[in-house]
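Report on the following structure.
What follows draws every value from the coordinates through simple rules; no lab data is involved. Note that the structure is a prediction, hence the values are computed from the model and not measured. Backbone-built Cβ (ideal geometry, glycine too); neighbour counts: all protein chains shown.
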Amino acid sequence: MTDNASYTPPRVWTQDKESGGKFASINRPVAGPTHEKALSVGKHPLQLYSLATPNGQKVTILLEELLAAGHTGAEYDAWLINIGDGDQFGSGFVDVNPNSKIPALMDRSGETPIRVFESGAILLYLAEKFGAFVPQDDPAKRAECLSWLFWQMGSAPYVGGGFGHFYAYAPEKYEYPINRFTMETKRQLDVLDRRLAESRFIAGEDYTIADIAIFPWYGGLVKGWLYEAAEFIDAASYKNVLRWADEIYARPAVKRGRMVNRTSGAPAGQLRERHDASDFDTKTQDKLEAAQ
């Protein structure tokens, strides 16, 4: 559809109506809490408050990878923050993340609890805390890893808030924004495809937090998990990204991480809260429903 209507922005913008679309109820121009609600605290030092969006998956994948690698200190409680219900605007969550976005982490392993927000910051914090999945001794490898980590943080908003919103969620489809953000999304996929033509993983021959950050977004796109858009963006043409995405998805920790705080899809793939490793075997949504 071509947008032939002309819109003249006001001299001073004010919110005089909802924006429309799937996320209209939580799209607002002010920060801060809307209601009082304390956050739950479990038994582990690491307390995660999240939802299994691509940004949320980054952290649960890393935590599961750390545990699989033998870092027992990475045990965690994952509490569900339902952004559709506005949980991210509760007072307790805003105390952990003033920006009211998932994921948010509290590290209670020391004398003073440490809050960490923004998914890239959480990945880097945990990787450095446990000395894993980020190069430690080679400055060039470390720089490459961090460059790709921050590439993802800067690039993915064009995929999610840009392409994903206007293609999948906006109340009306207009040609200009869909074309604009589809072109940018495909350009980014081409960036990755060219990189992965010369490298097994994103930052080199080793699996790092760069892969963990990029996979839920761009792996999700080419695997057909995001926006039902794989055919539209010609995902099959990005052969190196597909090869990489398949290798990442084959990792058991990645499969577990994608399940945590998930509220959609097959019930067997939904572990809405995670408080122990055994929860994957006993508390997925299908098992809970069967027990009712």
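Of the chain, which part is the longest with no chymotrypsin sites (Phe, Trp or Tyr not before Pro) in a loop (DSSP not H, G, I, E, B) and with at most 16 other C-beta atoms within 10 angstrom? Could you put the intermediate results ahead of the total?
Values: sites that count: Tyr7, Trp13, Phe23, Tyr174, Phe232.
No qualifying site falls inside 24-173, the longest such stretch.
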Qualifying GluC sites (Glu not before Pro) in the stretch 208-278, DSSP loop, other Cβ atoms within 10 Å at most 11: Glu228, Glu231
Going residue by residue through the stretch 278-283, the Karplus relation 6.51 cos²θ - 1.76 cosθ + 1.60 with θ = phi - 60° gives ³J(HN,Hα) values, rounded to whole Hz and with x marking Gly or Pro, of 5, 4, 5, 8, 10, 10
Rounded FRET efficiency, nearest 0.05, which uses the C-beta distance separating His35 from Phe150 and R0 of 30 Å: 0.35
Does the stretch 139-251 classify as rounded, prolate or oblate by the C-alpha gyration tensor (a ≥ b ≥ c root eigenvalues; a/c under 1.5 gives rounded; else a/b over b/c gives prolate, otherwise oblate)? prolate
For the chain, share of DSSP beta bridges that run antiparallel, in % to the nearest 5: 60 percent
Suppose every Lys and Arg Cβ carries +1 and every Asp and Glu Cβ carries -1, with no other charges. What dipole size does the chain come out with about its Cα centre, to the nearest 20 debye? 280 debye
What length, rounded to one decimal in nm, is gained on full extension from Phe232 through to Glu273, with 0.36 nm per residue of separation minus their alpha-carbon distance? 11.4 nm
Could you work out how far apart the two model spin labels at Lys255 and Ser91 are, taking each label as a point 7 Å from the Cα in the direction of the beta carbon, and quote it in nm? 4.4 nm
Show that you can apply the helix-only estimate: for the chain, add -39,500 (n - 2.57) for every DSSP H stretch of four or more residues, divide by all residues, and state [θ] at 222 nm to the nearest 500. -11500 deg cm²/dmol
Label-point separation (nm) for Tyr7 and Asn240, each offset 7 Å from Cα along Cα-to-Cβ? 3.7 nm
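Treat the chain as a sphere of radius equal to its Kirkwood radius over Cα pairs and apply Stokes-Einstein at 37 °C in a medium of 0.692 mPa s; give the translational diffusion coefficient in µm²/s, rounded to a whole number.
D, rounded to a whole number, is 162 µm²/s.
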May I ask you to compute the full-extension gain from Asp190 to Ser109, defined as 0.36 nm times their residue separation minus their alpha-carbon distance, rounded to one decimal in nm? 25.0 nm
Which entries in Lys43/Lys283; Lys129/Lys287; Lys17/Lys186 show an alpha-carbon gap greater than 26 Å? Lys129/Lys287; Lys17/Lys186
J(HN,Hα) series, the stretch 122-135, from Karplus relation 6.51 cos²θ - 1.76 cosθ + 1.60, nearest Hz, glycine and proline x: 5, 4, 5, 4, 5, 4, 6, 4, 9, x, 9, 6, 9, x
For Lys173, go through the aspartates and glutamates and keep the ones whose alpha-carbon is under 17 Å away, minus same-chain ones fewer than eight residues off. Asp3, Glu228
Table column - 3J(HN,Hα) (Hz), the stretch 212-227, Karplus curve with 6.51, -1.76, 1.60, x for Gly and Pro: 5, 6, 7, 4, x, 7, 7, x, x, 5, 6, 7, x, 8, 10, 6
